[in-house]
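First up is the structure itself, then whatever we jot down about it.
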Amino acid sequence: MFSSMFGAFAMIVICVFVPVILFFWNYQRCSNKVLAYFLDATTGLKPELCKVVDTWALSKDGAYRLDEEMVRNVRYPTGWPRALQQVMPALLYLRGDVQPLDWRTASIDLATRISPREVGALLDSEWLRALVKGVREGTAGGLTKQERIFMFIGAGASALALIMIFVLMTRM
């Protein structure tokens with residue numbers, strides 16, 4: 001009798017209280033925040049929750065300007081059941097660009113775009129000289145012949161040890 005009551009109680013807790021707790025946890029996490037989608041050449045489109053301060057969205061890497069005309073309402077987090085998602089404002093940004101992009105007309109060639117960090121690195125003449133010197137000399141920090149031999153011997157010994165362990169385990 002007690003075990004069947006415990007099972008019913010556990011099902012009520014799992015089916016009712018866990019979704020309610022998840023809903024309020026997600027609501028608290030999303031309050032006073034905006035969802036910013038960042039376009040990046042390396043990671044593609046990446047969503048990030050940003051705190052709203054006045055007319056700025058504060059991200060991990062800086063502040064981005066908010067524009068009411070560029071806002072689109074989305075459900076967050078994606079993949080959750082619709083009843084547990086929060087409808088929140090979302091903006092589209094290019095990583096490193098303060099201004100939001102228009103969702104309808106965003107057509108950007110990320111391969112030709114240069115970020116502000118890259119411009120700073122390109123303007124550093126010492127960095128560029130070191131790069132050109134390294135390319136000319138062909139010293140890209142590779143391993144010497146002796147280091148490569150030791151690396152292959154170590155990899156071979158490791159593979160042999162794993163094979164021996166598997167053989168010994170099958171004979172037990």
| message | Quick check: pseudo-label points 7 Å beyond the Cα along Cα→Cβ at ASN32 and MET88, how many nm apart are they? | response | 1.3
| query | If you count, for each residue, the other Cβ atoms within 10 Å and average over each peptide, how do 16-25, 95-104 line up from highest to lowest? | reply | 95-104, 16-25
| task | Using θ = phi - 60° and the Karplus relation 6.51 cos²θ - 1.76 cosθ + 1.60, list the HN-Hα couplings for region 79-85 in order, rounded to whole Hz, with x at every Gly or Pro. | result | x, 7, x, 4, 5, 9, 7
| For region 2-110, what relative contact order do you get, as a whole percent, if you take Cα pairs closer than 8 Å and at least 6 residues apart? | 24
| request: Any chance you could list P(r) for region 2-110, counting all Cα-Cα pairs in 10 angstrom bins from zero, rounded to whole %? | output: 13, 37, 25, 12, 8, 4, 0
| message | If amide hydrogens are placed 1.01 Å from N in the peptide plane, which non-local residues have theirs closer than 5 Å to the one on VAL74? | response | MET88, ALA90
| said: What are the ³J(HN,Hα) couplings of region 35-52, residue after residue, when phi is run through the Karplus curve with 6.51, -1.76, 1.60 and θ = phi - 60°? Round to Hz, x for glycine and proline. | reply: 8, 10, 9, 9, 8, 9, 5, 8, 9, x, 9, 10, x, 8, 6, 10, 6, 9
| query | With r defined as the distance between the Cβ atoms of ALA41 and TRP103 and R0 fixed at 25 Å, what FRET efficiency is calculated, to the nearest 0.05? | reply | 0.80
| field | HN-Hα J in Hz across region 154-171 - Karplus 6.51, -1.76, 1.60, θ = phi - 60°, x for Gly and Pro | value | x, 5, x, 5, 5, 4, 5, 5, 5, 4, 5, 5, 5, 5, 5, 5, 6, 7
| request: Go through 27-37, 80-90 and give me the packing order, highest mean Cβ count within 10 Å leading. | output: 27-37, 80-90
| Can you give the FRET efficiency for LYS133 and ILE153, using 1/(1 + (r/R0)^6), R0 = 25 Å, r = Cβ-Cβ distance, to the nearest 0.05? | 0.15
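Each value in this text was obtained by applying a stated rule to the coordinates, not by laboratory testing. Computed from a predicted model, the values in this text were never measured in an experiment. Here Cβ is always computed from backbone atoms with ideal geometry, including for glycine, and neighbour counts include all displayed protein chains.
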